[in-house]
């Protein structure tokens, strides 16, 4: 595969690239350092475009997909934050990458967070995984491998390799950088897509102008949180940006989605070579679509620029106004793997679904056929794995904590974590360290709930209290860490006298 490499390491002005020996020397010196790197994971034309329940193939390239990594070291501990331009990151890939990272540069596996942006215009990391249905019947294998969106084995190997390379290069390129922290607001581009209807149910994307809409069924999280790392000569070497909005603007062709425009905006305004690590918030029910807006939606390219540009502009404001400090940010990492059962379809539902999928799908019955297929596949998964691993992780970088969970988490769950966290800056990160599908609130799976995210499929199937379990674990892990304070400028000297030019009454003559 002939592909480009996008690699920028954050090193102090004039310094050479640090090799592994240099990194080891830095680790033992006790100095606080940080490093950033990025690598290309652009899929090939003709590979699958993930994000749906059937096969769709890429036919053009809009912009590159990347893996971006930040490594922080406080003199004793190291942590790595990794953002992928990907729909999801499979658990097996995460475990493989962490193992290699620990072997090559010594960062503990539990201190590596790997999160997907959920770009629906990225490469084939999902949905069906290689070998996942090898145990099933010939019918189910055909439905899974030939009729469903599936990951590409060679592409998964590429992504795993480039994650390892990005983290190791960021670690090897660490240098003393001033680090700042800030939080702002962007509340004009992300909207909850679920609505309570007059029939007592909650629907996803009920449609503009639908007279049966009563009210929005869930919140949004407008916080933009940024960590910026600056060299002694004032250059932004890299930053970590956290926000909450589906990456479904799909500008046309292979793309990082609106995260591409986020990066462009920051680089154009601050530094053209800054590495921008994006970590996705809990946005399982939050997208760029405003169902209450009576106007026509923007086109895909314009939508991509709008979301990425506005989030990027807020990030730029935060970067320019933050106070980077020389003091080392305190680091920490905690993790817990929960064992969560799947919801089971009834025997009657499985029987009906088998009858449906044995026939070819018809255009007017495609939705019914698609979810019958998902029911049959889920039944096969439960026979093999009725309980799934769900890793919850907390990574501390000074006054910020990143609480990671492996699903498309409903926004309210992230707000619950924020409300209970002891940190000034709390960033819930979804689709991190694995993927267990949508994780709704218990309310969404209750009597007045419903909507797309609550459908029982091979992708989404955890028990109703799964989200509550992850929130509880995330809060407990965050509380095991000791928050630092956001750096502030020195206090002004004690008052002595007012400005002599200005302490006068008005002069009218």
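Computed extension length for residue 351-residue 366: 3.6 nm, one decimal, from 0.36 nm per residue of separation with the Cα-Cα distance subtracted. The angle separating the long axis of helix 258-269 from the principal Cα axis of greatest extent in the chain is about 10 degrees. Across region 26-146, the mean sequence separation of Cα contacts (distance under 8 Å, 6 or more residues apart), normalised by length, yields a relative contact order of 27 percent.
Quick check: the distance between the Cα centres of region 104-152 and region 184-219, to the nearest angstrom? Result: 31 Å between the Cα centres.
In this simple spin-label model, placing a label point 7 Å from the Cα along the Cα-to-Cβ direction at both residue 210 and residue 465 gives a separation of 3.1 nm. Our note on the geometry: Cα centres of region 393-467 and region 236-287, 20 Å apart.
With the highest mean first, a sort of the peptides 59-69, 428-438 on other beta-carbon atoms found within 10 angstrom per residue produces 428-438, 59-69. Taking every Cα-Cα distance in region 74-204 and sorting them into 10 Å bins from zero, the calculated P(r) comes out as 10, 28, 26, 24, 10, 3 percent.
If N is the number of residues in region 345-384, what value comes out of its Cα radius of gyration divided by 2.2 N^0.38 Å? The partial results should precede the final answer.
Working: Rg = 10.0 Å, N = 40, 2.2 N^0.38 = 8.9 Å.
It is 1.12.
Computed from Cα atoms, the angle from the helix 466-479 axis to the main principal axis of the chain rounds to 20 degrees.
So, R0 is 51 Å and r is the distance between the beta-carbons of residue 320 and residue 442; what FRET efficiency does that work out to, to 0.05?
Values: r = 42 Å, r/R0 = 0.81.
Computed FRET efficiency for residue 320 and residue 442 comes out at 0.75.
Between 0 and 90 degrees, rounded to the nearest ten: what's the tilt of helix 300-321 against the longest Cα principal axis of the chain? Helix 300-321 sits roughly 30 degrees off the main axis of the chain.
Take the Cβ atoms of residue 54 and residue 479, set R0 to 56 Å, and the FRET efficiency comes out at 0.80.
Helix-derived [θ] at 222 nm for the chain: sum -39500 (n - 2.57) over DSSP H runs of at least 4, divide by residue count, nearest 500?
-9000 deg cm²/dmol
The mean sequence separation of alpha-carbon pairs under 8 Å and at least six residues apart, normalised by the residue count of region 345-384, gives a relative contact order of 51 percent.
Cα-based values for region 371-499, radius of gyration first and Dmax second, are 20.4, 79 Å.
Summary value for the chain: 17 percent relative contact order, contacts being C-alpha pairs under 8 angstrom separated by 6+ residues.
Ellipsoid semi-axes for the chain, based on the Cα gyration tensor and the rule √(5λ), read 40, 28, 22 Å when sorted largest first.
No value in this document is a laboratory result; all are computed from the given coordinates. Just so you know, these numbers come straight off a predicted model, no measurement behind them. We place every Cβ from the backbone using ideal geometry, glycine too, and count neighbours over all the protein chains shown.
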